[in-house]
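A.B. asks: I have a structure I would like to understand better, so I am pasting it below and will then ask my questions one at a time.
Derivation of every value follows stated rules applied to the coordinates shown; laboratory data play no part. For clarity, every value in this text was computed on a predicted model and none was experimentally measured. Note: ideal-geometry Cβ built from the backbone for every residue, glycine included; neighbour counts use all protein chains shown.
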Amino acid sequence: MSRIREDADKIIAEALRAALPDTAVAKALEGREFGAGRLVMVAVGKAAWQMASTACAILGDRIDDGVVITKYGHSKGELPHTRIFEAGHPVPDANSFAATAEAIKLVEGLTAEDTVLFLLSGGGSALFEKPLIPAEELEDITKQLLACGANIVEMNTLRKRLSAVKGGRFAQLCAPAKVFSVVLSDIIGDPLDMIASGPAYPDGSTCGQAQAIVKRYGLKLSENAQKLLSQETPKSLDNVETQITGSVRQLCAAAEKVCSALGYEPIVLTAELCCTARDAGSFLGAIARTHKDSEKSLAYIAGGETVVHLTGKGLGGRNQEIALAAAPLLDGLKDAAVFSVGSDGTDGPTDAAGGYCDGETMSVLREKGIDVTAVLAGNDAYHALKECGGLIITGPTGTNVNDLTVLLIRR
């Protein structure tokens, strides 16, 4: 393995470790009193098990009952006083609906003396769902949004209006009980009403915005779904206290620290990357060519969430496309590499967290007869990267705070 690939692996491992929600959840619960009433815990999202595990370690038997809803393969074992459910993502499935029904049942009949500890992380839009339209139509709308390259805010603006638990409606179901919500952000700018579609936060989006998204992308919706988009969501909630913790900025800061320790001069370009994956990869590749004669080691860091426009039927994800799109510009450069990873350990519908390409990648692909332009057009980055050893596989990480993309130039 090349030295620069070893550096990339170290940066990924250390940045993800720093982004785990354990410390943040512990800080949120430090010194907090929940009164004499019942305390029930609902944890939802890709980081739900990790967040709930920390809460259980701190609160112990003070938690009377709990439900954890996370993605398949993201649970790491039993937790006290807690039932754990795994469900579908990015498209909700029957297990999403069944698990959400259990969470709703858990908060029924609570009094004003009781508290719901609501631990929320990204992925909750699919995992936590009670649809107001047939499940088949919800799945179709989700797939339409994914295929057209809608960003996460646009997707959630629609999804919260088609759900009985999103857009502040779960908090209404908990009333008159108090809700203490600890949120791990996976959206640029940390908009609380959009993270996991804001089940316990007043909705800041409007019906007009939802309808504009449908028109912008030419989405096909039933008459019933169209009617739901014209019904406003809760704009105020008086039983909720929210504390946000963790974000892509923390992930970038951790990467910056590791890069510096490895001898690179780190430059954080942005923590709000939001263009197409291919454009991001090409941009970083262009930076690599501009600074190919640098006398010092450089690390250009970007955090955020890019989008992919589906033009083919291949396998891949936005982080894999970033890396592969950089490869043609990295071609032949000495000790230069681009890698990109999803902090939750999953990139698109694959088992990879992301992708890695360096100055030798194109040579390997040419030897194997692989045309990068055709691969990107077919959205098949996964198989190309697999052929050249460019897949990054971490498994579920226990956190979810957007993506990390880094260009390394080593001297």
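A.B. asks: All other residues with a Cβ under 13 Å from the Cβ of P176 taken together, and with Lys, Arg as +1 and Asp, Glu as -1, what is their net charge?
C.D. replies: Spelling it out: positives minus negatives among the neighbours equals -2.
A.B. asks: Follow-up. Quickly work out the R411-to-A98 label distance, labels modelled 7 Å from Cα along the C-beta direction, and quote it in nm with one decimal.
C.D. replies: With each label placed 7 Å out from Cα toward Cβ, I get 5.9 nm.
A.B. asks: Right, another one. Would you list, by chain and number, the lysines whose Cα falls below 27 Å from the Cα of K313, excluding same-chain residues fewer than 8 positions away?
C.D. replies: K46, K71, K143, K215, K220, K368, K386
A.B. asks: Now a separate question. Can you sort Y264, Y356 so the residue with the fewest Cβ neighbours within 10 Å comes first? Don't skip to the answer; put the middle values down first.
C.D. replies: Values: Y264 23, Y356 29.
Taking fewest neighbouring Cβ atoms as first place, the list is Y264, Y356.
A.B. asks: Highest mean first, what order results for 192-204, 370-382 on Cβ atoms within 10 Å? Display every interim value, and only then the final one.
C.D. replies: Working: 192-204: 26.1, 370-382: 19.2.
By packing density, highest mean first, the sequence is 192-204, 370-382.
A.B. asks: Could you give the semi-axes, largest first, of the ellipsoid that matches segment 21-245, computed as the square roots of 5 times the alpha carbon gyration tensor eigenvalues and rounded to whole Å?
C.D. replies: Gyration-tensor ellipsoid for segment 21-245: 29, 18, 16 Å.
A.B. asks: Based on DSSP, what percent of beta bridges with both residues in segment 21-245 are antiparallel, to the nearest 5?
C.D. replies: Values: 1 of 30 bridges.
Given both bridge residues lie in segment 21-245, the antiparallel proportion sits at roughly 5 percent.
A.B. asks: Report the local net charge at M41: Lys and Arg +1, Asp and Glu -1, summed over other residues whose C-beta lies under 9 Å from its C-beta.
C.D. replies: -2
A.B. asks: Right, another one. Within 10 Å of each candidate Cβ there may be at most 13 other Cβ atoms; applying that plus a DSSP loop requirement, which trypsin sites (Lys or Arg not before Pro) in segment 278-327 survive?
C.D. replies: K296, K313
A.B. asks: Using Cα springs under 10 Å in a Gaussian network model of the chain, which residue among S53, S230, S181 shows the largest mean-square fluctuation?
C.D. replies: Judging by the Gaussian network model, the answer is S230.
A.B. asks: Quick check: net charge around L110, other residues with Cβ under 12 Å of its Cβ, Lys/Arg +1 and Asp/Glu -1?
C.D. replies: For residues surrounding L110, the net value is -2.
A.B. asks: Compare the peptides 328-338, 217-227, 36-46 by average per-residue count of other Cβ atoms within 10 angstrom and give them in order, highest first.
C.D. replies: Those peptides, ordered most packed to least, come out 36-46, 328-338, 217-227.
A.B. asks: In what sequence do T276, T245 fall when counting other Cβ within 10 Å, fewest first? Write down the numbers at each step before the final one.
C.D. replies: Numbers: T276 17, T245 21.
Result, fewest neighbours first: T276, T245.
A.B. asks: Right, next: Within 10 Å of each residue's Cβ, count the other Cβ atoms and sort M51, M362 from fewest upward.
C.D. replies: Result, fewest neighbours first: M362, M51.
A.B. asks: Taking the alpha-carbon centroid of each part, what is the distance from segment 304-329 to segment 126-162 in angstrom?
C.D. replies: The distance from the Cα centre of segment 304-329 to that of segment 126-162 comes to 22 Å.
A.B. asks: Dimensions of the chain along principal axes (Cα, Å, largest first)?
C.D. replies: So the extents along the principal axes, rounded to whole Å, are 66, 50, 31.
A.B. asks: If you place +1 on the Cβ of every Lys and Arg, -1 on the Cβ of every Asp and Glu, and leave all else neutral, what size is the dipole of segment 1-126 about its Cα centre, to the nearest 20 Debye?
C.D. replies: Details: 13 positive and 17 negative charges, 81 e Å.
Here the size comes out at about 400 debye.
A.B. asks: Right, next: Would you compute, from DSSP H runs of 4+ residues alone, the mean residue ellipticity of the chain at 222 nm, taking -39500 (n - 2.57) per run and dividing by the full residue count, rounded to the nearest 500? Spell out each step's value before the answer.
C.D. replies: Details: 16 runs with 160 residues, N = 411.
Value at 222 nm, helices only, nearest 500: -11500 deg cm²/dmol.
A.B. asks: Okay, next question. Using alpha-carbon pairs under 8 Å, 6+ residues apart, how would you state the relative contact order of the chain in percent? Could the numbers behind the result be given before it?
C.D. replies: Details: 975 pairs, mean separation 66.7, N = 411.
Here the relative contact order equals 16 percent.
A.B. asks: Tell me the GluC sites (Glu not before Pro) within segment 279-364 that lie in a loop according to DSSP and have at most 14 other beta-carbon atoms within 10 Å.
C.D. replies: E295
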